[in-house]
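The values are calculated or read from the model by the stated rules, or taken from the named source; none is laboratory data. The shown structure was predicted, so the numbers you read here are calculated from the model rather than taken from an experiment. Using ideal geometry, Cβ is built from the backbone for each residue, glycine included, and neighbour counts are taken over all protein chains shown.
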Amino acid sequence: MPSLNTDWVLVDVVGADEDSFFSACEKLKAHWHEYAANKLTNRTGAGVVAGDVVALSASNAASVALSDVVGSHETFVVAQDSLANVAEGEFARAGLVSCKSTGTINNGEYIRKSATTKAVESTGIPVTDGLRPPDGAIGYAAGAASGGFVVAMLYGFTAFDAPYILYRDGHDVTVAASSVETTLLHDAVSLPAGALGTLGEVEFYAEGYINGDGSGGESNGTVTFRIYYGASVTCTITYQVQGAGGNPSSEAWQLTHRLSAHNAATDSQKAITTMQTREPSTSPTKALTPVVYRGNSAEDSTAAKALDLTVDFEFARAGTNITCEHVMIIVKP
């Protein structure tokens, strides 16, 4: 709700037009603003200027301090004036505010504290109805920016350790049998910088079916699934495409992949993948033995990295293809 800074006043101007309120008064540091604000003391150790993003101090009452950690869970406010160290002034805590920013920020993306001093950055995740803000989000961009300043809607709090859906899609993506490795995802997906942290995890679910040409046996060849985190392959599973005695057949498949930070480090990850298929036969509930694969990577998770699911066949074969029907990727910070 807009509020009035009551420390700033209106004064009469001698000789002004009596019929006009605004011409009969001079605005002397008086304004309505579109944010909630508090008078706080700057204890960052240096001066701040309007737009600087700082945290409420845990050491000093009614004060602010620096907190320049990516995705920090501190409560952040934004300076509205130029203030020397230990000077008192107005800081916005919630509402529509112009904030110092770094990097590219698209309108409607959640923002968080950046490692760049006194600045915010994009989480890379757009606001989506029905989904909770990602970990570390302090609001969302109400305009686009590329460095400089971004107009943002601040929540007045920081989202904390809330699992969120990074990607969800239900389009059928069908790939014909080919030895060329091809993505099974409908869209390009990127895991935001810092999403894994030192204890985080990503759960990757995918499911669909494979159409064999009905010739049966090993003549259908094999199919290989791979999951990528950045440039690293964190899963490789190959199995025999089934077939049923001369009749075209479809076999269902389901994959669950869990990628997590390893050894409390941001440059080490481990992954466990479970995949199961249903054999097409006269007994449609007959399942093949699940395959479990353990992988690892050494990607720098403090940078954004692509996530992908790909497939390739042992050889091209007419009438054989694979379809991915549904994908969901959940981030657990």
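Among the candidates Thr123, Thr128, the residue that is touching a Phe, Trp or Tyr at 6+ places or on another chain (Cβ under 7 Å) and of a type in the set (Val, Ile, Thr) is uniquely Thr123.
Here Ile227 qualifies as at pLDDT 95 or above and under 21 Å from Tyr209 (Cβ atoms). Candidates are the residues of the stretch 112-129 that are within 23 Å of Ala46 (Cβ to Cβ) and hydrophobic (A, V, I, L, M, F, W, C); the one that is surrounded by the most Cβ atoms within 10 Å (Cβ to Cβ) is Val120. Candidates in the stretch 200-215 are the residues that are outside any strand (DSSP E or B) and touching a strand residue (DSSP E or B) at 6+ places or on another chain (Cβ under 6 Å); of these, the one that is modelled with the highest pLDDT is Gly200. Surrounded by fewer than 19 Cβ atoms within 10 Å (Cβ to Cβ) and in contact (Cβ under 8 Å) with a residue 24 or more places away in the chain: is that true of Val54 in this structure? In short, no. Quick one: Leu166 ticks every box in (1) over 22 Å from Asp300 (Cβ atoms); (2) crowded, with 20+ Cβ neighbours inside 10 Å except a single one, so which number is it? The number of the failed condition is (1).
Candidates Gly89, Gly108: the one that is farther than 22 Å from Leu196 by Cβ, touching an Asp or Glu at 6+ places or on another chain (Cβ under 7 Å) and not aliphatic (A, V, I, L, M) is Gly89. Restricting the stretch 22-42 to residues that are farther than 23 Å from Gly139 by Cβ and in a loop (DSSP other than H, G, I, E, B), which is modelled with the lowest pLDDT? If we take residues in the stretch 22-42 being farther than 23 Å from Gly139 by Cβ and in a loop (DSSP other than H, G, I, E, B), then Ala24 is modelled with the lowest pLDDT. Across the stretch 31-42, the number of residues qualifying as surrounded by fewer than 17 Cβ atoms within 10 Å (Cβ to Cβ) and not aromatic (Phe, Trp, Tyr) comes to 6.
The set of residues in the stretch 263-287 that are at pLDDT 95 or above and in contact with a Lys or Arg (Cβ under 8 Å, 6 or more places away or on another chain) comprises Lys270, Ala271, Ile272, Thr273. Taking the criterion of being modelled with pLDDT of 95 or more and on the phi > 0 side of the Ramachandran plot, the only residue of the stretch 128-142 that qualifies is Gly139. Pairs are defined by a Cβ separation below 8 Å, a sequence spacing of at least 6 or placement on different chains, a first member in the stretch 303-330 that is touching a residue at least 60 places away in the same chain (Cβ under 8 Å) and on the phi > 0 side of the Ramachandran plot, and a second member that is outside any loop (DSSP other than H, G, I, E, B) and surrounded by 15 or more Cβ atoms within 10 Å (Cβ to Cβ); the pairs so defined are Gly319/Asn211; Gly319/Gly212.
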